[in-house]
1. Kindly indicate the residue of segment 279-300 that is farther than 20 Å from residue 41 by Cβ and under 12 Å from the mean Cα position of the chain (by Cα) and also surrounded by the most Cβ atoms within 10 Å (Cβ to Cβ) among those meeting that condition.
2. Looking at segment 358-385, which of the residues that are among the acidic types (Asp, Glu) and more than 28 Å from the chain's Cα centre (by Cα) is surrounded by the most Cβ atoms within 10 Å (Cβ to Cβ)?
3. Among the candidates 30, 46, which residue alone is touching a Lys or Arg at 6+ places or on another chain (Cβ under 7 Å), in the same structural domain as residue 137 (by TED's automatic domain parsing), at pLDDT 95 or above and not aliphatic (A, V, I, L, M)?
4. Of all residues being farther than 20 Å from residue 298 by Cα and not hydroxyl-bearing (Ser, Thr, Tyr) in segment 214-232, which is surrounded by the fewest Cβ atoms within 10 Å (Cβ to Cβ)? Just the residue, please.
5. Can you tell me which residues in segment 94-120 are over 15 Å from residue 140 (Cα atoms) and touching a Phe, Trp or Tyr at 6+ places or on another chain (Cβ under 7 Å)?
6. What is the residue count in segment 123-147 for residues that are at negative phi and assigned to a loop (DSSP other than H, G, I, E, B)?
7. Any idea which of 113, 176 is among the aliphatic types (A, V, I, L, M), under 30 Å from residue 222 (Cα atoms), assigned to a helix (DSSP H, G or I) and under 25 Å from the mean Cα position of the chain (by Cα)?
8. Any residue in segment 344-362 that's within 20 Å of residue 52 (Cα to Cα): show its pairings with residues that are basic (Lys, Arg) at Cβ separation under 7 Å, as long as the two are six or more apart or on different chains.
Amino acid sequence: MLYSKLFPKALRQAPKDADSANAKYLIQGGFIHQEMAGVYSWLPLGLQVLRKVENIIREEINALGAQELLMPALQPKDNWLATDRWDGLDILFKLNSKIGGEIALGATAEEIITPLAKAYTGSYQDFPFALYQIQNKYRDELRAKAGVLRGREFGMKDLYSFHLDLGCLEKYYEKIAKTYLNIFKRCGLKAVRTRATGGAFSKFSDEFQVITSAGEDNIYYCSKCKVYYNNELVRAGKCPECKTKLGKPERAIEVGNIFKLKTKFSDAFNFKYIDKNGKEKPVLMGCYGIGTTRLVGTIVEANHDDHGIIWPNEIAPYKMHLIALFGKDKKINQKIKSAALAVVASEAKQSCEVLYDDREDASAGEKFAVADLLGIPERVVISEKTLAKNSIEIKNRKSGKVTMKKL
């Protein structure tokens, strides 16, 4: 990709109203554009990162045998009435239709997936199975803030599993927990499994938290139980299980959560199966969410410095940021162009994605500042100086280490 053709170019100044590192660098770098509070357009660079995150999730979830589908964002009111959440969920967008009646704008998917699964199953032989989607969600958040960490429209991977008994549900639940940790690791994050309240579903649910000063959650670690707990569980500074005195809380960002729904929604839709003896029994469910756009924001919060983003290798928009430094000598400039295009062609053969800053009117300082801001893992420079050595200069964005490599 030629930087001269990239839409849009990086901004010279960070947005003045940015309230977080991810908002500052994603907007300044041209990854996202804010349309209103909590609503963003994902621009070409940002969309490349987001799609790579989504594909990591797909690979890991597909490996568990789950099947991807896509459910509607427009959801019937009757489904929400069946679960008593039409008036009970205060962040639900409600729309009036010109053909009459009201519909909900999808804040979550239980009201769709449960009757959908019921429509195509019935026998115990149909179970267990799992379905997931990656889709935008809509929530009328009163406190949309911190860039893409808390939005009113945001991406989410929501997975639902369906089981005959609690033992089967719990085994799958643990598989998902391990898979989640691997997903976050591949995205360049160290997430910790954190116990949270299970609400009406179970004693505990599990959150996956990334410890960072930018977090809005407080989590505690019990050295005896070897478990993290969300602040909402902790009373009087003691572990809710062993009552050990806990240390100071750590700030963290929640990047995923998993729940054992059990029969909460299957009861609402009378979702049952016929067992081997011909008896009806309720289906047990689990749900497992990852905020995909929130995950991108968290990656930036955990991987940046004073100059910009430091993308982990697997989700960077490009693997190499190639910079050509031109001078006043036209013949030398032509040699620099030829060498740069040769590098692009060579890297393409190895399936390496390259962003080539081909601008002739930009200074070295300006090009280097853009490279630091965009945070692509490898910065490669070709100039009159490097050509004299028949080499290119390679700088690692994370370590800052500079090496020379023969052309």
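1. First pass over segment 279-300, keeping only residues farther than 20 Å from residue 41 by Cβ: 279-290.
Narrowing the set further to residues that are under 12 Å from the mean Cα position of the chain (by Cα) leaves 289-290.
Numbers: 289: 22, 290: 26.
So, considering only residues that are farther than 20 Å from residue 41 by Cβ and under 12 Å from the mean Cα position of the chain (by Cα), the one surrounded by the most Cβ atoms within 10 Å (Cβ to Cβ) is 290.
2. Let us first name the residues in segment 358-385 that are among the acidic types (Asp, Glu), namely 358, 360-361, 366, 372, 378, 384.
This time we only want the ones that are more than 28 Å from the chain's Cα centre (by Cα), so: 358, 360-361, 366, 384.
Working: 358: 19, 360: 10, 361: 7, 366: 14, 384: 14.
Per the stated criteria, the residue is 358.
3. Values: 46 fails: touching a Lys or Arg at 6+ places or on another chain (Cβ under 7 Å).
So the residue among 30, 46 that is touching a Lys or Arg at 6+ places or on another chain (Cβ under 7 Å), in the same structural domain as residue 137 (by TED's automatic domain parsing), at pLDDT 95 or above and not aliphatic (A, V, I, L, M) is 30.
4. Residue satisfying both the conditions and the ranking: 226.
5. 110, 111, 113, 114, 115, 117, 118
6. Pass one, segment 123-147, residues at negative phi: 123-145.
Now drop any that are not assigned to a loop (DSSP other than H, G, I, E, B), which leaves 127-128, 139-144.
Going through segment 123-147 one residue at a time, the tally reaches 8.
7. Details: 113 fails: under 30 Å from residue 222 (Cα atoms).
Criteria check complete, one pass: 176.
8. 352/319; 353/319
The values are calculated or read from the model by the stated rules, or taken from the named source; none is laboratory data. The shown structure was predicted, so the numbers you read here are calculated from the model rather than taken from an experiment. Heads up, the Cβs are rebuilt from the backbone with ideal geometry, glycines too, and the neighbour counts pull from every protein chain shown.
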